Amino acid sequence: MKKFVVGLLLLSIACQLNAITYTKTDSMRVVRLLSDGLKQNKNTNLMIYYARRLKGLPYVAKTLEVNPTEQLIVNLRQLDCTTYVENVLALTLCTEKSSISFKDFCRILQKIRYDGGNVRYTSRLHYFTNWIANNTKNGFVFEIQKQSSPFTATQIVKTNYMTTHIDSYPMLVEHPEWVSSINAMEKELTGKRFRYIPKGMITNSILCRNIIKDGDIIAIITSKPGLDTSHIGIAVWHNDGLHLLNASQIRKNVVEESMTLHDYMKKHPLQLGIRVIRVK
């Protein structure tokens, strides 16, 4: 009888939130994390708290590409840099609202990941510039944009990577009719301008510490043609400077980088600087 009731509950969740792909381990972990988060001191930085709770989980790419049709995927067993940030943000927002059910978490994650919360491949926020804009509209985040130091450079977005590398996106290969929608989205983003902090300006200074706060979302912008960003993480200050909590493809898991973000980015010539996004 208990299994029957649980089954009905999960079916109800799926019906209200579109189809969801998850395991029992995922749902139990979400509820446990939210329950623990609700017990934290009111001054706890929840973005940092949850970012650190997920440390050690393996990095796995393309975890959202496992279904033949688009579904909301909840996977707290394997993360890439974007799903890591999305899950940390969803956990944070749920805790701030004292909404600690799995259903609440799924609803928030769906809004974070999809334009208008519409679970379609063409509505998924593939480019992080679009992700920022939509989650600003949701009232979840806002981007720090200043005309003064250390925001001394301007990014002019030019996005076309998906439609010029269709073979890298299995869903587009299977559904060529979606390419025009993706192309329209890329054209809408192209030409937009954003101030950013060049990597040489990311220093252990009072100025940077006043601008970038623990728990801010860091979007690393790139000179790679067709892309706006190449990596995403969460800011955390150490005594020696700014560090990054991230799902690392290099280290194969979620880590709090031992080197400063400045030193990390020096090792990656295509990384130009950072955009800074704050949770409201």
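The values are calculated or read from the model by the stated rules, or taken from the named source; none is laboratory data. Predicted model, so just to flag it, every value in this text is computed and none were measured. When we count neighbours, we look across all protein chains shown, and the Cβ atoms used for this are built from the backbone with ideal geometry, even at glycine.
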| Verdict on S248 being touching a residue at least 12 places away in the same chain (Cβ under 8 Å), polar (S, T, N, Q), surrounded by 14 or more Cβ atoms within 10 Å (Cβ to Cβ) and on the phi < 0 side of the Ramachandran plot | yes
| message | Being more than 19 Å from N134 (Cα to Cα), in contact with a helix residue (DSSP H, G or I) (Cβ under 6 Å, 6 or more places away or on another chain) and modelled with pLDDT of 95 or more is true for just one of N246, N239, N253. Which residue is that? | response | N246
| message | Suppose the filter is touching a His at 6+ places or on another chain (Cβ under 9 Å) and either in a helix (DSSP H, G or I) or of a type outside the set (F, W, Y) (or both); does M162 pass it? | response | yes
| Which numbered condition G56 fails, given (1) surrounded by fewer than 16 Cβ atoms within 10 Å (Cβ to Cβ); (2) in a loop (DSSP other than H, G, I, E, B); (3) free of Cβ contacts under 8 Å to residues at least 60 places away in the same chain | (3)
| query | In this structure, is T69 assigned to a loop (DSSP other than H, G, I, E, B), over 22 Å from I220 (Cα atoms) and at pLDDT below 95? | reply | yes
| If you go through the range 117-128 one residue at a time, do you hit one that is at pLDDT 95 or above, among the hydrophobic types (A, V, I, L, M, F, W, C) and surrounded by 21 or more Cβ atoms within 10 Å (Cβ to Cβ)? | yes
| message | Just to check your reading of the model, which residue among L93, L76 is of a type outside the set (S, T, N, Q), part of a loop (DSSP other than H, G, I, E, B) and either out of contact with any strand residue (DSSP E or B) (no Cβ under 7 Å at 6 or more places or on another chain) or without any contact (Cβ under 8 Å) to a residue 40 or more places away in the chain (or both)? | response | L76
| field | Filter pass, R113 being farther than 23 Å from M28 by Cβ, touching an Asp or Glu at 6+ places or on another chain (Cβ under 9 Å) and not hydroxyl-bearing (S, T, Y) | value | no
| query | Which of the residues spanning the range 107-127 are among the polar types (S, T, N, Q) and over 15 Å from the mean Cα position of the chain (by Cα)? | reply | N118, T122, S123
| request: Being under 13 Å from the mean Cα position of the chain (by Cα) and not aliphatic (A, V, I, L, M) is the filter; apply it to the range 87-106 and report the residue that is farthest from I73 (Cα to Cα). | output: T92
| field | Residue list for the range 132-150, filter: free of Cβ contacts under 8 Å to residues at least 12 places away in the same chain and under 14 Å from K111 (Cβ atoms) | value | A133, T136, K137
| query | Across the range 1-58, what is the number of residues that are closer than 30 Å to D214 by Cβ and at pLDDT 95 or above? | reply | 34
| Would you pick out the residues in the range 252-266 that are of a type outside the set (A, V, I, L, M, F, W, C) and over 18 Å from the mean Cα position of the chain (by Cα)? | S258, T260, H262, D263, Y264, K266
